[in-house]
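Enquirer: Structure incoming, see below.
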Amino acid sequence: QEFLGGFRGVYQSFKETGQIMSGTYSTIKAAMDLQRTYIELGKLEENSIPPEEKQRLEEAAAKKALEVLWKTGRLEIESILRNTCNVVLHDKNVDKKILRRRAIALKAMGDVYAHVKPDPDQVPNPFMPFETGA
């Protein structure tokens, strides 16, 4: 039993590391895309572009900036949740029965959050013009 439990822990650790790396890569990629857009906008402004083209590029840059902010905030929230769970579930000063009850409670909370669905009647948010899914 302990061997399989240990193997599961290693698997979860690798899975978590992969998710962290994927989220970080996605955030860095979005930030680099934003930077390229601003560089392109700067070069085109030197060549006096039409106002419509400038507005289109500025809107694209604003959308990309919001996406970078969203992804950065998401990474931070995930990090805080991970650290909180580690503290709550691995407290050496607490009886194992209490740790088990904490784990069950955290799982129940996670199930509630995992099953939240967007309201189909909600008007789309114009400030979130990109996909926010995992």
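Enquirer: Any idea which of K64, K43, K54, K71 is surrounded by 14 or more Cβ atoms within 10 Å (Cβ to Cβ) and modelled with pLDDT under 85?
Expert: So the residue among K64, K43, K54, K71 that is surrounded by 14 or more Cβ atoms within 10 Å (Cβ to Cβ) and modelled with pLDDT under 85 is K54.
Enquirer: Here is a check on your reading of the model: is T17 exposed (fewer than 12 other Cβ atoms within 10 Å of the Cβ), β-branched (V, I, T) and either at pLDDT below 85 or not in a helix (DSSP H, G or I) (or both)?
Expert: Taking the combined requirement at face value, the residue satisfies it.
Enquirer: Working only within the stretch 60-73, note down all residues that are of a type in the set (G, A, S) and within 17 Å of S22 (Cα to Cα).
Expert: Of everything in the stretch 60-73, just one residue is of a type in the set (G, A, S) and within 17 Å of S22 (Cα to Cα), namely G73.
Enquirer: Just to be sure I understand the filter: pairs with C-beta atoms under 7 Å, separated by 6 or more residues or on different chains, first member in the stretch 76-88 and without any contact (Cβ under 8 Å) to a residue 24 or more places away in the chain, second member exposed (fewer than 13 other Cβ atoms within 10 Å of the Cβ). Which pairs pass?
Expert: Pairs that qualify, where the first residue is without any contact (Cβ under 8 Å) to a residue 24 or more places away in the chain and the partner is exposed (fewer than 13 other Cβ atoms within 10 Å of the Cβ): there are none.
Enquirer: Yes or no: the stretch 74-91 includes at least one residue that is part of a loop (DSSP other than H, G, I, E, B) and either within 25 Å of M21 (Cβ to Cβ) or modelled with pLDDT of 90 or more (or both).
Expert: Yes, the stretch 74-91 contains at least one residue that is part of a loop (DSSP other than H, G, I, E, B) and either within 25 Å of M21 (Cβ to Cβ) or modelled with pLDDT of 90 or more (or both).
The values are calculated or read from the model by the stated rules, or taken from the named source; none is laboratory data. Nothing here was measured: the structure is a model prediction, and the numbers come from that model. Ideal geometry is used to build each Cβ from the backbone, glycine not excepted, and the neighbour counts take in all protein chains shown.
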